[in-house]
Amino acid sequence: MTDVYSRLLLTERDALLPILRRTPEEAFDRPTVCDLWSVRDVIAHCATALTRVATGDLHDFSPEANEADVDARRPLPLADVIAELEKAYELGAASPEIHRVALGEWVHGGDIREALGEPDAYSSAGVDDALAILVQRSVTREVPPTDVHLTDGRSLRLGDPDASAEGVLKTDVAGLFRIVANRRPELAEADLTGLVPSELRMFF
């Protein structure tokens, strides 16, 4: 499934970079849903994580290790941080390991959009690929079997596709990603029965 991951990453690149280039520099200091990180910090994290995965220069991606990467880039000019992200998109899309971070990069794009007041946070371009990857991740993470009915008419299954459903979730695309990625899930317009939102969480 490398193609779907690379496609999602390049779609996010093409959608997000123009937003960043037209955003006033002072807006990059706005806080995001990621604790203690500004928009600029999230960009730095995305660039670093992509580069590490693409080049094999891995660490444990713990909060402490991620913070060290971000902190190392705080002295850099903003233009350099954005340029690093652009280069990282290219490296990542060509890497056979991109499956590890593509969906997370797309979700972080939602974090940035939300902080900047841009539309379609957590439902931006590439959402069909993001949903396909999310379904696969839900099986790998052994999420309780849940039937999801989206307001646009689509339905999908999280967790084991052959098991009896333990939960039913009715929401929109953004609400689904807010819940599974723990992005202010209380803002999701959602009706969840049989489970609690934390049982559907797939990002930590």
Lys and Arg at +1, Asp and Glu at -1: neighbours of T51 with Cβ under 12 Å from its Cβ sum to -4
Treat each spin label as a single point 7 Å out from the Cα along the C-beta direction, and report the L91 to D14 distance in nm.
2.3
Which net charge results for the neighbourhood of D69, defined as the other residues with beta-carbon distances under 14 angstrom from its beta-carbon, given Lys and Arg at +1 and Asp and Glu at -1?
-3
Using a 7 Å offset from the Cα along the Cα-to-Cβ direction at both T140 and S62, what is the distance between the two label points in nm, to one decimal?
2.2
Among T55, T146, T171, which one moves the most in a GNM of the chain with springs linking Cα atoms closer than 10 Å?
T55
In a GNM of the chain with a 10 Å cut-off on Cα contacts, which of D120, D71, D57 has the highest mean-square fluctuation?
D57
Cβ-Cβ cut-off under 11 Å around F28, Lys and Arg +1, Asp and Glu -1: the net charge is -2
Enumerate the whole-percent occupancy of each 10 Å bin, from 0 to the last occupied one, for all C-alpha pair distances of the chain.
9, 35, 36, 17, 3, 0
Tell me, what is the FRET efficiency for R7 and E118 to the nearest 0.05, using R0 = 22 angstrom and their Cβ-Cβ distance as r?
0.55
Comparing P96, P161, P77, which has the greatest mean-square fluctuation in the GNM of the chain with Cα pairs linked when under 10 Å apart?
P77
Protection proxy (average C-beta count within 10 Å per residue), highest first, orders 27-36, 179-188 as 179-188, 27-36
Which residues does the label zone of L78 cover in the range 19-54, counting backbone N under 12 Å from a point 7 Å along Cα→Cβ?
20-30, 39-41
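Every number here is computed from the coordinates shown, using simple stated rules; none is lab data. Being a predicted model, the structure only gives us computed values, none of them experimental. With ideal geometry, Cβ positions are generated from the backbone for all residues, glycine too; neighbour counts draw on all protein chains shown.
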